[in-house]
Amino acid sequence: MSALTETLFDAEFYGHTKGAFTGAIQDRKGYIEITSGGTLFLDEIGSLPPESQGKLLRVIQEGEYVKLGTSRPQGVDIRFIAATNVELDKLQQQGLFRKDLFYRLCGAWLDLPPLRDRMEDIVLLVEAFLREHGSNHSSKDIEEPVWTLLNAYDYPGNVRELKSIVQHAANLSIRGKSISVHHLPAHVRTALSNNHRLLTTVPLDGIAPLAAVEKDHIIKAYRHTGSNKLQTARLLEISMNTLRRKLQSYGMAQ
C-alpha cells in the first residue's frame with residue numbers, strides 16, 4: 001500500500017478502459033477485477049492515503065466498483081487480508097486511518113509477535129530460509145555456537161533480518177562444510193558481544209561453564225525431537241515443568 005499514491009489508486013485497483021485518460025492506450029484490468037473470486041492481500045495497509053482508504057471501504061461495503069472510463073458498477077466477490085507493522089489505533093487518533101475501514105477489516109485479527117518473543121520459531125525459519133536460498137546446507141550443518149548466538153540476538157529487523165543473516169552465512173560458508181560463527185554478519189557478532197544473555201555461554205580458558213553445557217545439551221535434545229517437549233523431557237529424563245522452565249529461561253518457549 002505504501003507504493004500507491006492517491007492518483008494511482010483508481011487505475012491500479014479498478015483498472016481502466018482504452019482512452020480513459022492520457023496514456024491509457026489499451027484496456028487494463030485492476031487488482032479488484034483480477035482477484036474477483038479470490039483473496040487480495042493488502043500489505044502495509046496503514047500506509048494507504050486517507051482518500052484511498054475511503055475508496056477501498058466502498059468496495060468492501062458495497063461489493064462493487066467502477067472501472068475508469070466506464071459508468072456502470074461491476075460486482076466483485078473478494079476476501080481481503082490486510083497486514084500492518086504499525087499500531088492502527090494510534091493512526092486513528094492522529095486522523096491518519098479511518099475507523100470505519102479499520103472495523104471493516106477486523107473480521108478476524110491475528111497478532112504475530114516479533115521474532116524476539118517467539119525464539120522457538122528460529123529453527124524452523126532457518127531451515128525454510130536455507131531451502132528457499134537454494135543452499136546445500138541444512139540446519140544440521142550449523143554449529144552449536146551459531147544456534148546459541150541466534151537464540152540470543154534481539155532481531156531489530158524481525159524475521160526479514162534473520163533471513164538476511166541466514167543468506168549471508170550460507171553465502172560465506174564452503175559447500176560441504178559447516179556454518180560457524182565467523183560466517184555471521186559482523187554487525188550481528190558485534191551486537192552479541194555485549195549481550196548479557198551470552199555471559200553464561202562464553203567459554204573461560206577453553207572450559208565452558210556448567211550452565212552453558214546444560215543449555216547446549218537441552219537445546220540440542222529439543223531440536224533433535226523436532227521441538228517436541230514431551231519427547232525431549234523423556235529423552236533427558238526430566239519433568240515437563242523443569243523443561244518448560246529451562247526453555248523459557250533460554251527464550252525458546254512460552
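The values are calculated or read from the model by the stated rules, or taken from the named source; none is laboratory data. All figures in this text were calculated on a predicted structure; none of them were measured in a lab. Heads up, the Cβs are rebuilt from the backbone with ideal geometry, glycines too, and the neighbour counts pull from every protein chain shown.
Suppose we filter the stretch 30-40 for residues that are hydrophobic (A, V, I, L, M, F, W, C) and surrounded by 15 or more Cβ atoms within 10 Å (Cβ to Cβ); how many remain?
Counting residues in the stretch 30-40 that are hydrophobic (A, V, I, L, M, F, W, C) and surrounded by 15 or more Cβ atoms within 10 Å (Cβ to Cβ) gives 2.
If we only count helices (runs of 4 or more DSSP H) wholly inside the stretch 1-76, which ones have 3 or more residues that are of a type outside the set (A, V, I, L, M, F, W, C)? Working first, answer last.
On the way: elements: 6-9, 31-35, 50-62.
Output list reads 31-35, 50-62.
How about the stretch 97-128: which of its residues are assigned to a helix (DSSP H, G or I) and over 30 Å from residue 56 (Cβ atoms)?
Within the stretch 97-128, 116, 117, 119, 120, 121, 122, 123, 124, 125, 126, 127, 128 meet the criteria.
What residue, of 43, 27, 89, 117, is over 24 Å from the mean Cα position of the chain (by Cα) and loosely packed, with under 15 Cβ neighbours inside 10 Å?
27
Provide a single number: the residues in the stretch 141-165 that are of a type in the set (S, T, N, Q) and closer than 13 Å to residue 220 by Cα.
Within the stretch 141-165, residues that are of a type in the set (S, T, N, Q) and closer than 13 Å to residue 220 by Cα number 2.
Do we find that residue 73 is of a type outside the set (S, T, N, Q) and not assigned by TED's automatic domain parsing to the domain that holds residue 37 in this structure?
Answer is no for this residue.
Residues that are surrounded by fewer than 15 Cβ atoms within 10 Å (Cβ to Cβ), in contact with a strand residue (DSSP E or B) (Cβ under 9 Å, 6 or more places away or on another chain), closer than 30 Å to residue 249 by Cα and not assigned by TED's automatic domain parsing to the domain that holds residue 27: does the stretch 94-112 have at least one?
No, because not a single residue in the stretch 94-112 is surrounded by fewer than 15 Cβ atoms within 10 Å (Cβ to Cβ), in contact with a strand residue (DSSP E or B) (Cβ under 9 Å, 6 or more places away or on another chain), closer than 30 Å to residue 249 by Cα and not assigned by TED's automatic domain parsing to the domain that holds residue 27.
Among the residues of the stretch 240-252, how many are within 16 Å of residue 216 (Cβ to Cβ) and modelled with pLDDT under 80?
Of the stretch 240-252, the ones within 16 Å of residue 216 (Cβ to Cβ) are 243, 246-247, 249-252.
With modelled with pLDDT under 80 added as a condition, the list becomes 249-252.
Residues in the stretch 240-252 being within 16 Å of residue 216 (Cβ to Cβ) and modelled with pLDDT under 80: 4 in total.
Among the residues of the stretch 132-189, write down those that are among the basic types (Lys, Arg) and closer than 19 Å to residue 119 by Cα.
Across the stretch 132-189, the qualifying residues are 140, 160, 163, 189.
From 87, 127, 120, which residue is over 20 Å from residue 16 (Cβ atoms), out of contact with any strand residue (DSSP E or B) (no Cβ under 8 Å at 6 or more places or on another chain), of a type in the set (D, E, K, R) and touching a residue at least 60 places away in the same chain (Cβ under 8 Å)?
Checking each option against the conditions leaves just 120.
Could you tell me how many of the residues in the stretch 222-239 are in a helix (DSSP H, G or I), at pLDDT 85 or above and in contact with a helix residue (DSSP H, G or I) (Cβ under 8 Å, 6 or more places away or on another chain)?
Total meeting the criteria: 7.
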